[in-house]
1. Applying the selection to region A:110-139, what residues are among the polar types (S, T, N, Q) and over 26 Å from residue A:160 (Cβ atoms)?
2. I'd like the full set of residues that are more than 14 Å from chain A (Cβ to nearest Cβ), under 14 Å from residue B:347 (Cβ atoms) and assigned to a loop (DSSP other than H, G, I, E, B), limited to region B:176-199.
3. Would you confirm whether any residue within region A:250-269 is over 19 Å from residue A:292 (Cβ atoms), over 22 Å from the mean Cα position of the chain (by Cα), free of Cβ contacts under 8 Å to residues at least 40 places away in the same chain and buried (at least 17 other Cβ atoms within 10 Å of the Cβ)?
4. Looking at region A:159-175, which of its residues are in a strand (DSSP E or B) and more than 13 Å from chain B (Cβ to nearest Cβ)?
5. Determine whether region A:284-300 contains at least one residue that is out of contact with any His (no Cβ under 6 Å at 6 or more places or on another chain), farther than 26 Å from residue A:206 by Cα and crowded, with 23+ Cβ neighbours inside 10 Å.
6. Looking at the structure I just gave you, is residue A:215 surrounded by fewer than 21 Cβ atoms within 10 Å (Cβ to Cβ), of a type in the set (S, T, N, Q), outside any helix (DSSP H, G or I) and not assigned by TED's automatic domain parsing to the domain that holds residue A:175?
7. Can you name the condition, by its number, that residue A:79 falls short on among (1) more than 9 Å from DNA strand C (Cβ to nearest atom); (2) surrounded by fewer than 18 Cβ atoms within 10 Å (Cβ to Cβ); (3) outside any helix (DSSP H, G or I)?
8. Identify, please: which residue in region A:32-41 is near DNA strand C (Cβ under 8 Å from one of its atoms) and more than 14 Å from chain B (Cβ to nearest Cβ) and is, among those, surrounded by the fewest Cβ atoms within 10 Å (Cβ to Cβ)?
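The values are calculated or read from the model by the stated rules, or taken from the named source; none is laboratory data. A quick note: this is a predicted structure, and the numbers were derived from the prediction, not measured. Cβ atoms come from the backbone with ideal geometry, glycine included; neighbour counts cover every protein chain shown.
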2 protein chains.
Amino acid sequence: MWHDAETQEASHNVTSEDFADPAAVRRRRRGTPAPTIYDVARVAGVNPSTVSRALNKPGRINAKTEQRIQEAAKQLDYRINPMARALPTGRANTIGLMLADITNPMFFTIVRGAERAASERGYTLLLAESQESGEREAEGAQRLAPSVDALVLVATRLGDDQIRDLAEWKPLVVVNREVGGVDAIVPEVGPGIDEALAHVAALGHTSVAYVSGPTGSWMNRARWDALLDRAPKLGMTVVEIGPGVPTLEGGRDAVTRVLASGVSAVFAYNDLMAIGLMRQIQSQGIDVPGRLSIIGFDDIFGSDFTSPPLTTVRAPLGLVGEQAVRRALSLIDEDLSVPVAELTEEPLPTELVVRGSTGPPLAIG
Amino acid sequence: MWHDAETQEASHNVTSEDFADPAAVRRRRRGTPAPTIYDVARVAGVNPSTVSRALNKPGRINAKTEQRIQEAAKQLDYRINPMARALPTGRANTIGLMLADITNPMFFTIVRGAERAASERGYTLLLAESQESGEREAEGAQRLAPSVDALVLVATRLGDDQIRDLAEWKPLVVVNREVGGVDAIVPEVGPGIDEALAHVAALGHTSVAYVSGPTGSWMNRARWDALLDRAPKLGMTVVEIGPGVPTLEGGRDAVTRVLASGVSAVFAYNDLMAIGLMRQIQSQGIDVPGRLSIIGFDDIFGSDFTSPPLTTVRAPLGLVGEQAVRRALSLIDEDLSVPVAELTEEPLPTELVVRGSTGPPLAIG
DNA sequence: CCCCGATTGCCAATCGATTGCCAGATTCCT
DNA sequence: AGGAATCTGGCAATCGATTGGCAATCGGGG
């Protein structure tokens, strides 16, 4: 297919005649009031309530009438006003999604899964970002809560009590965290870590470190706990280094302490930290995985771009997002005492993805 | 900071007494009806309308009364019901953001900018994804439109006419595209491309290729046009290869044709394609930038993870998102004939970021 | 002491859709 | 044919907040 300058030219001419000016379009807009069910009712010659029923209680109305109304609606290009509907029903058909940091690639995948699950059921996602600040998050949640049917909190910085308070107010699901009394979607850290430890053990490592993430992060603790529990059973020593911010910088900042610790393999709280760590270490002329094997968590976008590509414990983030929303939807149904759509919640195991950043330790290789 | 098993244990005990079971929390939730201005009015001993005015027309009400109402509101933990407010005012305080593909990292940055600009003014973002499908996008836009005050379309697949139709319906801003008669936020491709061409010319390249993105993409065309216009002036030949999908795969798929074209430097429609191209070429044992220099567009997250890190024409995506929302907000104000908040729209120039994927061509080096 | 204007708060209509209740029309059963 | 059951569609109240118009109150000036 060729670049076609003519097409562009032609289309540009048309536009300049009539609507080259954005202001013109705007002016035109102002006049148009959106049609309501009253308009539809008038055209179809029925009562507004009949229109309402025809449009969302199929069968409740005589087929003939129903069709007449459908046609009137189509003719007027009627679309329902969600806000007006939300008032009597109390349901906005929206789900609030609260993220710690939109730019962290781990969230993209979750958002996509969530969006998919939501739009599948006719729900829309309302987005808010806490920018890793508990205060902003509380504020954001308060702002979001009244306009959504349910909340999904991802990697939240809120305290357990705040979360429970919110949960009493609105259906709520937390992701990557567990809070007593609140529905949670958390990938199983165990399987992936078992695989990963088996992997490094097989390579011959006997001492590993964990570069810790934020103190308040539930998932950080979960990963460390799992490591602490299992590594010794495989005959390995394990130390925690940190805490640090869950970003490239956080990883960079841990380098000195990692090297000083003398370990031959290191787990980082997440891929971002792992990558930051790796790049910083490499910039000091140190070989990865020769001198140090590095393992991340999550398998975010870009974790296979590095060289060596990052070995990581993958979390099924897309599924996590999907399930979080599905669970939220089922909570809404439950609130309405509607038979809960049966939740076939697959387990969410993590798994090791072996790439180039792990290898045998120097002493052996 | 040490891992503290006790803390966890303790907190777990508390929860198990009272709310270990999510169902218990849910049950508790059902009873609570949210307080309304009527409740506040009763407590404060005034008329609901007075409450409304006290809460959002500061000064209209006697200071004494106003304070009494504030206190009543606080006491009841009243928060306004946005849906109920939206009905009479016609404003939902939301902006709809429509993306082609949430998982494309280039959008993350835009989303963050948009979210920031929106929440700054008390607006919330409503998210929809078209998954690169025009049909889904049209549907999504229709679904979104009635519940938002304005729409922002990013890298939309819609036709010009569809966009104009939407624009007559709601304030609308398109990003990374220009449509006659519609407000648009588009980074200036010129400066970055000039820099990039100067860069490759200085390195000694005389022939470049452009690996094209989706046919329907306005930005794809804009970049190609700019290249086509400027390269010859610098004494370089330029060919277009494609079109292709704007992903890693799209880049991989272009490899054969790129190599066959005999060029020594290649621009790709975006970083994703550039990276896909680079990795595929490297996997064939071909050196980058030795045999082929590669340049991307956007400077997405991860484009500096590759080795060599990617030289790319950076677009100020965060600013783009911010400005798109700001413009949308100003359109809303304009519709309301409110004095438009003065828009200090900085220009959005692109700039070359030189990293490792460009170098002198073989013949010279 | 009266009048005037400003201030303050209330009344009631309104936004658009939903829904319980009811009445008239049909159908069905025996 | 009589009566019950079922269909249909209309009426009107309701969700929670906003807002134009009005009435009561108050202070001040003459």
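1. Correct list: A:119, A:124.
2. Narrowing region B:176-199 to residues more than 14 Å from chain A (Cβ to nearest Cβ): B:176, B:187-199.
Keeping just the survivors that are under 14 Å from residue B:347 (Cβ atoms) gives B:187-192.
Within region B:176-199, B:187 is the sole residue that qualifies.
3. Within region A:250-269, the subset over 19 Å from residue A:292 (Cβ atoms) is none.
There is no residue in region A:250-269 that is over 19 Å from residue A:292 (Cβ atoms), over 22 Å from the mean Cα position of the chain (by Cα), free of Cβ contacts under 8 Å to residues at least 40 places away in the same chain and buried (at least 17 other Cβ atoms within 10 Å of the Cβ).
4. Within region A:159-175, the subset in a strand (DSSP E or B) is A:172-175.
Within region A:159-175, just A:175 meets the criteria.
5. Residues of region A:284-300 that are out of contact with any His (no Cβ under 6 Å at 6 or more places or on another chain), as a first pass: A:284-300.
Next cut, farther than 26 Å from residue A:206 by Cα only: A:300.
Restricting the remaining residues to those that are crowded, with 23+ Cβ neighbours inside 10 Å gives A:300.
Checked against the condition, which is being out of contact with any His (no Cβ under 6 Å at 6 or more places or on another chain), farther than 26 Å from residue A:206 by Cα and crowded, with 23+ Cβ neighbours inside 10 Å, region A:284-300 yields at least one hit.
6. Working: surrounded by fewer than 21 Cβ atoms within 10 Å (Cβ to Cβ): yes; of a type in the set (S, T, N, Q): yes; outside any helix (DSSP H, G or I): yes; not assigned by TED's automatic domain parsing to the domain that holds residue A:175: yes.
Spelling it out, residue A:215 is indeed surrounded by fewer than 21 Cβ atoms within 10 Å (Cβ to Cβ), of a type in the set (S, T, N, Q), outside any helix (DSSP H, G or I) and not assigned by TED's automatic domain parsing to the domain that holds residue A:175.
7. In the conditions (1) more than 9 Å from DNA strand C (Cβ to nearest atom); (2) surrounded by fewer than 18 Cβ atoms within 10 Å (Cβ to Cβ); (3) outside any helix (DSSP H, G or I), residue A:79 misses (1) alone.
8. Filtering region A:32-41 down to residues near DNA strand C (Cβ under 8 Å from one of its atoms) leaves A:33-40.
From what's left, more than 14 Å from chain B (Cβ to nearest Cβ): A:38-40.
Working: A:38: 11, A:39: 17, A:40: 25.
The qualifying residue surrounded by the fewest Cβ atoms within 10 Å (Cβ to Cβ) is A:38.
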